[in-house]
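Read the structure below first, then the notes.
The values are calculated or read from the model by the stated rules, or taken from the named source; none is laboratory data. A quick note: this is a predicted structure, and the numbers were derived from the prediction, not measured. Cβ coordinates were reconstructed from backbone atoms using ideal geometry, including for glycine residues, and neighbour counts include every protein chain displayed. In case anyone asks, the SASA skips ligands and DNA or RNA and just uses the protein heavy atoms, side chains included. Shrake-Rupley method; radii C 1.70, N 1.55, O 1.52, S 1.80 Å.
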Amino acid sequence: MALISFDDTDAAAFAATRELPHSGLHRWRHAVQQHLRPRAGTAVLDLGAGTGAWAAAFTDWYGVRVVGIEPAEAMRARAAHRPLLAGDAAALPLRQSTMDAAWLSTMIHHIPDLDAAARELRRVLRPGAPVLVRSPFPGRHRRIALFHWFPEAVRVLERYPDVARVRSAFAAAGFTVSTIEPVAQTTARSLAEYAERLDRRAHTPLQLITDAEYAAGIARLRAAARDDSGPVVDHLDLLVLR
């Protein structure tokens with residue numbers, strides 16, 4: 001898979017436009033807590049931590065210790081969270097059975113070998129610890145604004161691993177129980193704000209459509225934003241594997 005790699009320009013765009021305020025993520029806070037069940041000493045792996053926004057949120061919300069792992073140096077350079085280690089999903093720089101949960105947010109499509117990643121997560125997680133995957137999945141995108149305004153991006157999404165593929169890879173590694181639920185988030189206070197903040201360089205599906213398709217989507221979005229004053233609420237999936 002590994003659809004794109006994040007260089008310095010991409011990482012800057014990601015940090016500027018993809019880090020959502022915690023006030024828009026209260027449903028994610030609740031949903032994660034139901035599966036994480038944090039307690040004193042809980043250690044969470046944030047795999048593909050990017051610029052560390054979710055690591056910071058988990059630290060703030062739950063008081064847990066978050067160990068971030070991020071392969072892109074440009075992303076790590078923009079993160080304030082520590083520890084944030086260099087590494088990738090197929091060779092995690094962690095000892096066996098040391099983590100109480102793993103969080104994978106909008107990154108599973110960047111993993112070249114999903115089966116190897118599942119085995120590595122099984123190795124570093126304690127028995128019964130959950131893997132929490134936040135992602136859009138093929139066929140489950142209809143309440144995500146980006147795919148509404150840029151329908152051509154759906155063909156990129158179709159290259160992502162679907163739910164059945166993820167479940168299969170993790171079941172082979174010993175994660176035999178899984179659940180999935182859509183979780184709402186306020187991505188922007190208005191469609192105008194959404195349009196203003198959108199940066200193609202920060203979104204894999206937008207990077208991989210044509211310039212003409214992107215321009216057409218931006219035109220649709222900006223035209224609609226003149227008349228739409230409500231918030232942009234997206235629903236991404238939370239896939240939980242144990």
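For this structure, a couple of remarks:
- With N the number of residues in the range 75-132, Rg(Cα) / (2.2 N^0.38 Å) evaluates to 1.14.
- Helix-only [θ]222 nm of the chain, DSSP H runs n ≥ 4, -39500 (n - 2.57) each, per residue, nearest 500: -10000 deg cm²/dmol
- Remark: accessible surface ordering of Arg200, Arg165, Arg65 (largest first) is Arg65, Arg165, Arg200, probe radius 1.4 Å.
- Here the alpha carbons of the range 135-194 define both size measures, Rg and Dmax, at 14.4, 45 Å.
- Share of pairwise Cα separations in the chain, more than 35 Å, in percent: 10
- For the range 148-242, the alpha-carbon coordinates run over 50, 29, 17 Å along the three principal axes, in decreasing order.
- Net charge of neighbours whose Cβ lies under 15 Å from the Cβ of Ala13, counting Lys and Arg as +1 and Asp and Glu as -1: -1
- Residue (of Ala72, Phe14, Gly52) at the positive-pole extreme of the range 1-124, dipole from beta-carbon charges: Gly52
- Nonpolar atom fraction for the range 84-242, defined as the carbon and sulfur part of the 1.4 Å probe accessible area, stands at 51 percent.
- Annotation: amide H of Trp103 within the under-5 Å range of Leu45, Asp46, Leu47, Leu132, sequence separation 5 or more or interchain, hydrogens built in the peptide plane.
- Surface calculation, 1.4 Å probe, protein heavy atoms: Tyr214 sits at approximately 40 Å² accessible.
- Within the range 98-208, all pairs of alpha-carbon atoms sorted by distance into 5 Å bins from zero give the percentages 2, 10, 19, 22, 17, 12, 10, 6, 2, 0.
- Note: relative contact order over the range 85-242, using C-alpha pairs below 8 Å and six or more positions apart, is 30 percent.
- Shape category assigned to the range 1-142 from the gyration tensor of Cα positions, a/c cut at 1.5: rounded
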